[in-house]
1. I need every pair where a residue in segment 98-125 that is of a type in the set (V, I, T) has its Cβ under 7 Å from the Cβ of a residue that is not in a loop (DSSP other than H, G, I, E, B), sequence separation at least 6 or different chains.
2. With respect to Q146, is the statement that it is touching a strand residue (DSSP E or B) at 6+ places or on another chain (Cβ under 9 Å) and closer than 18 Å to K127 by Cα true?
3. For segment 90-110, give me each residue that is buried (at least 21 other Cβ atoms within 10 Å of the Cβ) and assigned to a strand (DSSP E or B).
4. Can you confirm whether T195 is at negative phi and surrounded by fewer than 17 Cβ atoms within 10 Å (Cβ to Cβ)?
5. If I go through segment 38-65 residue by residue, how many of them are among the charged types (D, E, K, R), within 29 Å of Y147 (Cα to Cα) and in contact (Cβ under 8 Å) with a residue 12 or more places away in the chain?
6. I'm trying to understand the selection: among the residues of segment 20-34, which are more than 14 Å from the chain's Cα centre (by Cα), assigned to a helix (DSSP H, G or I) and either surrounded by 15 or more Cβ atoms within 10 Å (Cβ to Cβ) or at pLDDT 95 or above (or both)?
7. Pick from S115, S135, S151, S172: which is out of contact with any Gly (no Cβ under 6 Å at 6 or more places or on another chain), surrounded by fewer than 23 Cβ atoms within 10 Å (Cβ to Cβ) and under 19 Å from G77 (Cβ atoms)?
Amino acid sequence: MKSPILYGLAVCALLFTACGSSKPKYDGPSPVDLLMRDLSKEKSYSIILHDMQMDESKGLYQHKYKVFKDIEKDSVGKVTEWTKTSEIFFAENLDNMGLELASKSEDGKVSKLPSPPGFNNRVNNPKYGEWRSDSHGQSFWHFYGQYAFMSSMMHAMHPTPVIYQHTYHHYSDYRNNPTTRNAPYYGTGASRYGTNSPAGQKANPSFFDRKQQQQQMSSFKQKVASNPARYSRASSNDNGSSARTPRSSSRAGSSSRSRGGSFGK
């Protein structure tokens, strides 16, 4: 007969295993962390979430990233191959397609706050450009000639051809607000960003053509929304960027949530 102590320890071990297995693991550094490590010697870079796919039956979660480096020379940007992610990291970024997940400016400032491309380090930075007025008196951001590539990138990944100052002011207020400063920014009004926004669909239209994938991701998103604690990390990222689930990071004005929980509608 087993002793009560050994029996109790065995029960505790089983309970611990069961509880531990109920939550996905965040296995080491994310693919973005690894890209940042590989790009650490670059003068500047931007890492944008370009595409997503999953096969939950196989436990397979994958991203593609669009990487821009040395912005005075690399005028196109390169898309990575499919890269495996952890289930939690995939869940955290369900709403973030088209957003810049990490960046480094020429002055060495590094950011890991999911934001519209260029907003963290380059827009409103006098090194890269200036605010000008259009024929209607609205201020918009103009990149200097040597950074013209940034303008083309903005056009491809933003809902409007130009970035208006009032949009950037909204972003700045969001980043200065203690309750939202570490959360992904999805914009407001006509200037919306993220997976199901006009900017997201403009940046990667092929994502929305994969109907079977849309159904899988919609189901997964509903599961994440119904149990947010399962898909969150207790600790925070570097630079104060908290790991949040898509639901907990959404704010008013965000278009990142899909209607009826489905993608691409």
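1. Hits for this filter: V110/K104; V110/N239; V123/W141; V123/Y168.
2. In short, no.
3. Across segment 90-110, the qualifying residues are E100, L101, A102, S103, K104.
4. Values: at negative phi: yes; surrounded by fewer than 17 Cβ atoms within 10 Å (Cβ to Cβ): no.
No; evaluated as a whole, the condition is false for this residue.
5. 4
6. Correct list: L34 only.
7. S151
Table: residues versus (1) within 17 Å of T85 (Cα to Cα); (2) modelled with pLDDT under 75.
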site: K2; (1), (2): no, yes
site: A18; (1), (2): no, yes
site: S40; (1), (2): no, no
site: K43; (1), (2): no, no
site: Q53; (1), (2): yes, no
site: S57; (1), (2): yes, no
site: Y65; (1), (2): yes, no
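The values are calculated or read from the model by the stated rules, or taken from the named source; none is laboratory data. Everything quoted here is computed from the prediction, not taken from an experiment. A quick note on method: Cβ atoms are made from the backbone with ideal geometry, for glycine too, and the neighbour counts reach across all protein chains shown.
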